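Taking it in order: structure first as structure tokens, then the write-up.
The values are calculated or read from the model by the stated rules, or taken from the named source; none is laboratory data. What you see is a predicted model; the values in this text were computed from it and never measured. No Cβ is skipped: glycine too gets one built from the backbone with ideal geometry, and neighbour counts run over all protein chains shown. The protein model used for the area step is the full one, side chains on, heavy atoms only, and it has no ligands, DNA or RNA in it. Shrake-Rupley method; radii C 1.70, N 1.55, O 1.52, S 1.80 Å.
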Amino acid sequence: MASIEFVNVTQSFDKNVIIKDLNLKIEDGKFTVLVGPSGCGKTTLLRMIAGLDPQTSGSVLINGKDVTRIPPGQRGVAMVFQNYAIYPTMSVRENIEFGLKNNKVPKDERKRLVESISETVGLAGYLDRKPSTLSGGQRQRIALARAMVKKPSVFLMDEPLSNLDAKLRVQMRIELIEMHKKLGTTFVYVTHDQVEAMSMADTIVLMNQGQIQQEAAPEVIYRQPNNLFAAQFIGVPPMNIAELGIDNVMFGFRPESGVLSTEPLATHFQVPGTIVTREMLGSETIYQVKSEEQAYMIKCTEDRFVVDQEVYLGVEAGNLFFFGADENRIDREDGRFSSYLEALGGRSKVLVMRGQANG
Amino acid sequence: MDKKRIWEAVRPYVMILPAMTGIVLFVLYPVAYLIKLSFYKYNLMNKDKSKFIGTDNYTQIFSREDFYTALLNTVVYTIGVVVLTLVLSLIIAVWLNKRKRFNAIVQAGIFTPHIISIVSVALVWMWLMEPNHGLLNFLLKTFGLPGSTWLQNSSTAMISIIIVSVWQNIGYYTLIIVAALQSIPPSIYEAAALDNASKFQVFRKITLPLISPQLFFILIIMTIGSFKVFDTVKIMTGGGPNGATTTLVYYIYEFRTNSIGYASATGVVLMAIIALLTVVYFRVLSKKVHYQ
């Protein structure tokens, strides 16, 4: 059990500054996911917690204690690597046992721990096999078992599911959630996949270019994104963004907030357009609607339209977002919000009328 | 139709024919001829006076003391060279594995002896090892240490030759081990660091097993090479002083003119010893080698 805190942390490699003056607190016992595009510094943060690449300046605290000078093996953390980093020359048992041996755990205790852990992760029959004879999923479990057996206070995971096939990934996702629930320890999980972040996290830390964009629960990030980046990174397809035409303000809406109709709608925002592509995904269908200025992605639960069909796209006022020139979201309470909403409503009427005139 | 089928069957043999011709002419035939010669008392001047004497040559080999001396010398030389080269090149390779610019220079420098002809190497070292005017004794004396007789004394001649061979070999084998070390993924070392492994544990449990295939390869190649040592001995000591550095191949060479049959028999024995050693290595060590 441990909380982690970054205080004014800077990390640079050969004058290449990856992270600058970052502050972050990761709560004890939470499943925290660091997510962002590649090169955003999320893995760097994780490796700083582990002590693999110590920070250039600032300090990392685990449970309130500065661990800058403590070597990785004595920080009470365990890590699952992207390529698993299993010791290829050791058997499964030796792999799991290695950390315990180094920590001078007595032999009987070791045997008991290894056996109970391997039972938990489903490796019981494979303890004396070499990792090279096992499948990708099983190797993943070795890596997990190796981390779990040390009873760490912090679990670090660096894109552990990215080498698995899609089906297994979904299954492991659920297992990881269950594992977190059972162990109750602090999990810090790095991924570039926002689906993984949304599905597993208690708290998402969204990063871009070495800076934290937003730190919130998945539903908060989804419903109240801090800025354009958060709005466009989270969600598949990402939020539709278009220019409002005033003060360099942008407006946006989620693909599932869009309503499609062959007749003009009574919604606040409305634009005529043509369906350019249709992706039928089973439970839902994703349409790309091209209006005069730009294309919008719309997610519908019904599959009523065909490609090349002329449609009206509408969004209710409650589902609209506005982003200022500084790319930050303008809050509903903000005085400017209603005026921008007004402006968009006015523009919609013009667009629809022009569309009808052309049609 | 039938012709085509015959061609299908014959084609692979036609394809390997050029290579096989070479092997038969220059490997298999000489070996067979060597074995044949080993059963003869062969007369180089007059072939017709050659006489089949059965296994007499072999009986003679195993009853002559100088053969055992040569065999013992070879074993001492091999153990010395193999152990020293392996240990030293492993240490140097581990040190060179840290990627620094300086290390690249050291690596190039340490490899250089390998591209110099053994004749030059041997001559230079003879000069260095000269007891009265040589640089080595001069250095030893400057540090207040007693000089050595090096090549001129039967008790120090063998170790002197071993030093020269190790010096010449070390760069090449270091290079192989460095390549092996660099193929180990860094994340394995990171995992070990998180597993709280000490440096010694990391080396013993992770590094060594991971480079064991290359070490095993070096062990076999070097054992075979050392058993066949000739040039260094020929140039530096001529097998002396008092037969102290006569190795098996040099022993064979000494009989090149007057008893070719006996020399051939010794050659066959040498071949058998090397084959036996290789088999033993594979039997004993292959379980400890981790192929991935």
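When all alpha carbon pairs of chain A are counted in 20 Å bins from zero, the resulting P(r) reads 26, 45, 24, 5, 0 %. Taken per residue, the accessible surface of region A:4-228 reaches 43 Å², heavy atoms only and a 1.4 Å probe. For chain B, the Cα-based Rg and Dmax, in that order, read 24.3, 88 Å. Using a 1.4 angstrom probe on protein heavy atoms only, which residues from region A:83-99 are buried by at least 40 Å² of accessible area when all chains are present rather than their own chain alone? Hits at the 40 Å² cut-off: A:TYR87, A:PRO88, A:THR89, A:PHE98. Do any residues of region B:171-199 show a loss of at least 40 square angstrom of accessible area between the isolated chain and the full protein assembly, using a 1.4 Å probe, and if so which? Buried by the other chains: B:SER187, B:ILE188, B:GLU190, B:ALA191, B:LEU194, B:ASP195, B:ASN196.
Surface exposure of chain B, expressed per residue as accessible area with a 1.4 Å probe, stands at 58 Å². From the alpha carbon centroid of region A:186-223 to that of region B:38-97 is 70 Å. One chain, two ends: A:PHE13 and A:GLN356. Fully extended at 0.36 nm per residue, the span grows by 117.6 nm beyond their Cα-Cα distance. Excluding same-chain neighbours fewer than eight residues apart, the aspartates and glutamates reachable from A:LYS181 by a Cα-Cα span under 19 Å are A:GLU27, A:ASP28, A:GLU119, A:GLU196, A:ASP202.
Helix content alone sets the calculated 222 nm mean residue ellipticity of the protein assembly as shown: runs of n ≥ 4 DSSP H residues at -39500 (n - 2.57) each, divided across all residues, give -15500 deg cm²/dmol.
Surface composition of region A:237-358: carbon plus sulfur atoms contribute 48% of the solvent-accessible area (1.4 Å probe, protein chains only, all chains present). Backbone geometry of region A:310-317 corresponds, through the Karplus equation with coefficients 6.51, -1.76 and 1.60 at θ = phi - 60°, to 3J(HN,Hα) couplings of 7, 9, 9, 10, x, 9, 6, 4 Hz, x marking Gly and Pro. In this simple spin-label model, placing a label point 7 Å from the Cα along the Cα-to-Cβ direction at both B:GLN182 and B:TYR68 gives a separation of 5.0 nm.
For A:MET79, the residues 5 or more places off, or on other chains, whose built amide H falls under 5 Å of its own are A:LEU156. For the protein assembly as shown, the pair-distance distribution built from all alpha carbon pairs, in bins 20 Å wide starting at 0, is 14, 29, 26, 19, 9, 2, 0 percent.
P(r) tail for region A:237-358: Cα pairs beyond 22 Å make up 32% of the total.
What the phi angles of region B:275-291 give under the Karplus curve with 6.51, -1.76 and 1.60, with θ = phi - 60°, is a coupling list of 4, 4, 4, 4, 4, 4, 3, 5, 4, 7, 9, 4, 6, 8, 8, 9, 8 Hz, glycine and proline written as x.
Over region A:237-358, give the accessible area per residue in Å² for a 1.4 Å probe, as an integer. It would help to have the intermediate numbers written out before the result.
Values: 6240 Å² over 122 residues.
Here the per-residue accessible area is 51 Å².
For the pair region A:77-112 and region A:256-334, the centres of their Cα atoms are 52 angstrom apart.
Within the full protein context, the accessible area of A:ASP14 is estimated at about 150 Å² for a probe radius of 1.4 Å.
Rank these by accessible area, largest first, 1.4 Å probe: A:VAL105, B:VAL119. Spell out each step's value before the answer.
Numbers: A:VAL105 30, B:VAL119 70 Å².
From most exposed to least exposed: B:VAL119, A:VAL105.
Going 7 Å from the Cα of B:SER154 toward and past its Cβ, which residues in region B:228-258 have a backbone nitrogen under 17 Å from where you end up? Those under the cut-off are B:237-248, B:251.
Ligands, DNA and RNA aside, B:TYR253 has an accessible area near 70 Å² when probed at 1.4 Å. Buried area at the A:B interface is about 1800 square angstrom, summed over both chains, from accessible surfaces computed with a 1.4 angstrom probe.
Near A:ILE19, the amide H atoms lying under 5 Å from its own belong to A:GLN11; only residues 5 or more places off or on other chains count, and H is placed 1.01 Å from N.
Leaving ligands, DNA and RNA out of it, report the carbon-plus-sulfur percent of the accessible area of region A:4-228 at a 1.4 Å probe.
Numbers: 4530 of 9710 Å².
It is 47 percent, rounded to a whole number.
Nearest 10 degrees is fine. How inclined is helix A:335-358 to the longest principal axis of chain A, computing both from alpha carbons? Helix A:335-358 and the main axis of chain A meet at about 60 degrees. By a 1.4 Å probe calculation restricted to protein chains, A:HIS192 has an accessible surface near 90 Å², given to the nearest 10.
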